[in-house]
Amino acid sequence: MGSTGLRFIKAHGTENDFVLLPEGQGELDAATVRRLCDRRAGIGADGVLRVVREDGGFFMDYRNADGSVAETCGNGLRVFARYLVDAGLLPPGRIRIGTRSGVRLVDVPADGGDITAELGPAAPLTDATVLLGGRSWPAAGWSMGNPHLVVLDAGDIDALDLATAPGVDPAAAYPDGVNVEFCQPLSGRRLALRVVERGVGETRSCGTGAGAAAVAALAAAGARGDYDVRVPGGELRVRWDDDGDVWLTGPAVLVAEGQVDADVLAAWRNQPEHRG
């Protein structure tokens, strides 16, 4: 990543926050991701977005806060697209972004307003039971390019203690982990949502989680169309088309830019990570 340090952009989508690394800074290892996402000794984030130029376009290399590789990220797609357009790397309008779950279309308006990102087709996964604090709920499994378990009615979600990750029964149904959504139905096609992301913990928002929750609610009603999702970090709109594709609309904010000092990077590489 060079001796001059590591350039970064701090950004968020409905307070699901990221460290974005512009292109040309080399490969990224899991330990550096964990250090960058550390909210005390690093920059602090739910994950890292690395810009990679690929086949004449751009690929979003997304890593969870624990350093693990993720297939995609709905809020991250909007942030990634905002950066590409604001940096002059692509014009506003409909752009294409590569992810590990496939190429996704993203609509970036010229006026800087909300961005709409394609999440891809929703696909059913194995249903399971979610366990938390001595309670259990049936949960619907859905893929948004990454795996989700949706509890459609978890009651008063503000009362849930999500400091500990929920369990899944049977655990073998999701051997690589799963994102878990706790929903509270509101009036009409609206719901409130809290999310525990694998490799991160509870986040202020999860774009693919909002998509999975809306799809699960629409599927239970035998319907397609729009759904409004309220997350702790703001409001998102999900549309499930008749052709099965899911679209996510919401804000994307580039907050600040800076550089991690080269000596700090070197220390991160040479020192054992703090645990606990």
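The values are calculated or read from the model by the stated rules, or taken from the named source; none is laboratory data. Source: prediction; values computed, not measured. Cβ placement follows ideal geometry from the backbone for every residue including glycine, while neighbour counts extend to all protein chains displayed. To get the accessible areas, we keep the full protein, side chains included, count just its heavy atoms, and leave off ligands, DNA and RNA. Shrake-Rupley method; radii C 1.70, N 1.55, O 1.52, S 1.80 Å.
General observations
- Within region 1-17, the residues that satisfy the criterion of being open to solvent by less than 10 Å² (accessible area, probe 1.4 Å) and either of a type in the set (Gly, Ala, Ser) or assigned to a strand (DSSP E or B) (or both) are Gly5, Leu6, Ala11, Gly13, Asn16.
- Within region 18-58, being in a helix (DSSP H, G or I) and either surrounded by fewer than 14 Cβ atoms within 10 Å (Cβ to Cβ) or of a type outside the set (S, T, N, Q) (or both) holds for Ala30, Ala31, Val33, Arg34, Arg35, Leu36, Cys37.
- Subset of region 151-165 that is under 19 Å from Thr208 (Cα atoms) and open to solvent by 20 Å² or more (accessible area, probe 1.4 Å) - its residue that is nearest to the chain's Cα centre (by Cα): Ala165
- Residue in region 62-77 that is surrounded by fewer than 21 Cβ atoms within 10 Å (Cβ to Cβ) and farther than 24 Å from His148 by Cα present: no
- Subset of region 173-197 [over 18 Å from Leu77 (Cα atoms) and not hydrophobic (A, V, I, L, M, F, W, C)]: Tyr174, Pro175, Asp176, Gly177, Glu181, Gln184, Pro185, Ser187, Gly188, Arg189, Arg190, Arg194
- Yes/no for Ala217 being out of contact with any helix residue (DSSP H, G or I) (no Cβ under 6 Å at 6 or more places or on another chain), in contact (Cβ under 8 Å) with a residue 60 or more places away in the chain and either open to solvent by 20 Å² or more (accessible area, probe 1.4 Å) or more than 23 Å from Arg34 (Cα to Cα) (or both): yes
- Residues in region 185-244 that are under 15 Å from Met144 (Cα atoms) and of a type in the set (A, V, I, L, M): Val195, Ala210, Ala212, Ala213, Ala214, Val215, Ala216, Ala217, Leu218, Ala219, Val238.
- Yes/no for Arg104 being closer than 20 Å to Gly26 by Cα and either under 14 Å from the mean Cα position of the chain (by Cα) or buried (at least 16 other Cβ atoms within 10 Å of the Cβ) (or both): no
- Subset of region 108-150 (residues that are assigned to a strand (DSSP E or B), in contact with a Pro (Cβ under 9 Å, 6 or more places away or on another chain) and open to solvent by 40 Å² or more (accessible area, probe 1.4 Å)): Leu125, Thr126, Asp127, Thr129, Leu131
- Note on region 144-174: residues that are touching a residue at least 40 places away in the same chain (Cβ under 8 Å) and of a type in the set (Ser, Thr, Tyr) total 1.
- Considering residues of region 262-276 that are at pLDDT below 80 and not polar (S, T, N, Q) only, the residue nearest to Phe8 (Cα to Cα): Arg269
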